Amino acid sequence: TSFSQTATSKYEFGLNVGAYVYQGDLAPGDLGSLKTIKPGIGISFARIMSPSFSLRAQFNIASLAGNETLYKSPEYRQYRAFKFNNRVKELSVLGQWNFLAAKQKNSKLEPYVFAGAGFTHMNVTRDYSGFVPEYFTDASSIEAGLAADIAVSSNKIIPVVPVGIGLRYNLNSSLALNLETTYRFTRSDYIDGYSKAVNPNLNDNYYSQTIGVSYKLGRTSKQQTDCPVMKY
């Protein structure tokens, strides 16, 4: 008689750390403000529905930042000189799909995609002390926009839509390492604290690159299979 190990756990706990990047009006590049990357940490709890699909609740605490004076082109950024720091707390629910699970049973490497919805609490600190109105031909429009932005609360909750890709490396039946890239779509133009004074037609977003560890909670059970008895 022989026995095989069958994982019975339906729950998984995870921890992650990573780098967070702001993407908005104060960063001219398509990849966002790579010169002001900030750290973040997160925890997760997942319900494993099947070998290929799970539901995950995720909570992250991170910082975002932007600084126009770090960019010499276009020149006006040196004189507008808007800066910010944002402490974010993000809670989301994600659906995760391991699209190769059926073809790669018991594989060490598992690529996956995920998407969901959630909320982010923002606490923005604006810094416009370096603004030089004399440089601009029509500084009054920037000053009026800045006054309108300052009137908007810097402490608020916004909806977010996180989507991403990940790669999982199974160390054993319970423990795994995870590498994830997550992009957050928002409908807010105030992640950096500025809108009317910069570009009110473009929303702000942010993304992260994280590495983490996940652990399946619960035990494994032995399942007996009928095999012929060897006699000598």
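The values are calculated or read from the model by the stated rules, or taken from the named source; none is laboratory data. Here the structure is a predicted model, which means the values were calculated and not measured. In this analysis, Cβ positions are derived from the backbone assuming ideal geometry, glycine residues included, and neighbour counts consider all displayed protein chains. Side chains included, ligands, DNA and RNA excluded: accessible areas come from the protein's heavy atoms. Shrake-Rupley method; radii C 1.70, N 1.55, O 1.52, S 1.80 Å.
Across 138, 149, 25, mean-square fluctuation computed from a Gaussian network of the chain (C-alpha pairs under 10 Å connected) peaks at 138. Hey, with R₀ at 30 Å, roughly what FRET efficiency would residue 70 and residue 93 work out to, going by the Cβ-Cβ distance, to 0.05? Efficiency at R0 = 30 Å is approximately 0.25. GNM on the chain, alpha-carbon springs under 10 angstrom: the most fluctuating residue among 40, 24, 145 is 145. Put +1 on the Cβ of each Lys and Arg and -1 on the Cβ of each Asp and Glu in the range 73-121; which of 101, 115, 81 then has its Cα farthest toward the positive end of the dipole? Sorting the options by dipole projection puts first 81.
Okay, helix-only estimate at 222 nm for the chain: each DSSP H run of n ≥ 4 adds -39500 (n - 2.57), divide by all residues, round to 500 deg cm²/dmol; what do you get?
Working: 2 runs with 17 residues, N = 232.
It comes out at -2000 deg cm²/dmol, rounded to the nearest 500.
The portion of the accessible surface of the chain made up by carbon and sulfur, rounded to a whole percent, is 60 (1.4 Å probe; DNA, RNA and ligands excluded). Taken as Cα centroids, the range 119-143 and the range 42-111 sit 27 Å apart, rounded to the nearest whole angstrom.
Fully extended, how many nm does the chain gain between residue 30 and residue 177 (0.36 nm per residue separation, minus their Cα-Cα distance)? Between residue 30 and residue 177, full extension yields 50.0 nm more.
Placing unit charges on the Cβ atoms only, positive for Lys and Arg and negative for Asp and Glu, gives the chain a dipole magnitude near 1380 debye about its Cα centre. Using the Cβ of residue 193 as centre and a radius below 14 Å, the other residues enclosed give a net charge of -1, where K and R count +1 and D and E count -1.
For a modelled paramagnetic label at residue 79, 7 Å from Cα along Cα-to-Cβ, the residues of the range 142-158 in reach, with backbone nitrogen under 18 Å, are 142-146. The Kirkwood radius of the range 1-139, taken over pairs of alpha-carbon atoms, gives through the Stokes-Einstein law at 4 °C and 1.567 mPa s a diffusion coefficient of 70 µm² s⁻¹. Taking the longest Cα principal axis of the chain as reference, the axis of helix 139-150 is set at about 40 degrees.
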